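> I'd like to ask some things about the structure below.
Each reported figure results from applying straightforward, stated rules to the coordinates on display, with no laboratory input. None of the values given here were measured: they were computed from a predicted structure. When we count neighbours, we look across all protein chains shown, and the Cβ atoms used for this are built from the backbone with ideal geometry, even at glycine.
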Amino acid sequence: MFGIILGFLTYFTTRSFIAAFFAFLIGSYIDNLQRVRNTQNKQGGGQHGRRSAEDIYNYYQSRSARATDVPTTLMALSAAVMKADGKVLKVELSYVKAFFNQQFGHQFSTEHLQSLKNYLNNDIPITQICADVRIHLRPESRLQLIHYLFGIARVDGDVSASELNVISNIASMMGIPQADFESVKNMFYRNVDSDYKILGIEESATDEEVKRAYRKMAVKFHPDKVAQMGEEFQKGAKEKFQKIQEAYEAIKKRRGMK
């Protein structure tokens, strides 16, 4: 509940969907930590149970429940994607820095650049990080993290096979359903099959079914649908609408449709 309230108040104040989302992330961590503590306290009738509850709560109070732990987690996952193909590009680093400067402020993001460097130069405990995220973040928040990681991979113009593999493994360890992962992937990872998936149809669809699917999606995701919402909502709607148009035009070209 705290996550929802914090996210709502942030959006109401800033009119920024992304800022509201990360406020929701932080609030969700705190909500879930309290639930972990309550559950452990109920189950821990003996000394081991009480000690386990205290240890878990104290650990996450000192790390995960802090606002700084959200960007630290993001830095670790960002580094995993950045070095997936064996090289770290300047454009990827600029993307991550710009994102953190925008969302958390210059001083806050600068504080975490060293942790990004450390993650880039050392092994990353991805399994543990993803396990923590799976426990403490809700499904919709985890999906937003995958969207962010695809943004890093795509910033150089193409999502490489190694980057896709890393993001896919992260999504799997976070417990994200394959269908949800494919939906996000197809906005960034273009191929013949993704054009059809963006329209919600199979490659075996008839030309008429392709046209109907396009009209349906164009109406459903038209930017006017969120004209009354904040700038981030409108930007996202325009990007999605453009993806739908691009997919439709690509299919038409391959099929020779008019």
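> Can you compute 3J(HN,Hα) from phi for each residue in the range 129-136, using the Karplus curve 6.51 cos²θ - 1.76 cosθ + 1.60 with θ = phi - 60°, rounded to whole Hz and x for Gly and Pro?
4, 5, 5, 5, 4, 4, 6, 9
> In nm, what is the difference between 0.36 nm times the number of residues separating Val91 and Asp156 and their Cα-Cα distance?
Residue separation times 0.36 nm, minus the Cα-Cα distance, leaves 22.7 nm.
> Please give every one of the lysines within straight-line cross-link reach of Lys243, meaning a C-alpha to C-alpha distance under 21 Å, and leave out same-chain neighbours fewer than 8 residues apart.
Counting by Cα, and skipping residues close in sequence, Lys243 has these lysines nearby: Lys185, Lys197, Lys211, Lys216, Lys220, Lys225, Lys235, Lys252, Lys253, Lys258.
> Using packing as a proxy for protection, rank 173-185, 129-141 so that the peptide with the highest average count of other Cβ atoms within 10 Å comes first.
Final packing ranking: 129-141, 173-185.
> Determine, for each peptide in 70-78, 250-258, 161-169, the mean count of other beta carbons within 10 angstrom over its residues, then list the peptides with the highest first.
Ranked from most to least packed, the peptides come out as 70-78, 161-169, 250-258.
> While we're on this one: What FRET efficiency would be calculated for the residue pair Lys253, Arg212, taking the C-beta separation as r and a Förster radius of 22 Å, to the nearest 0.05?
0.75
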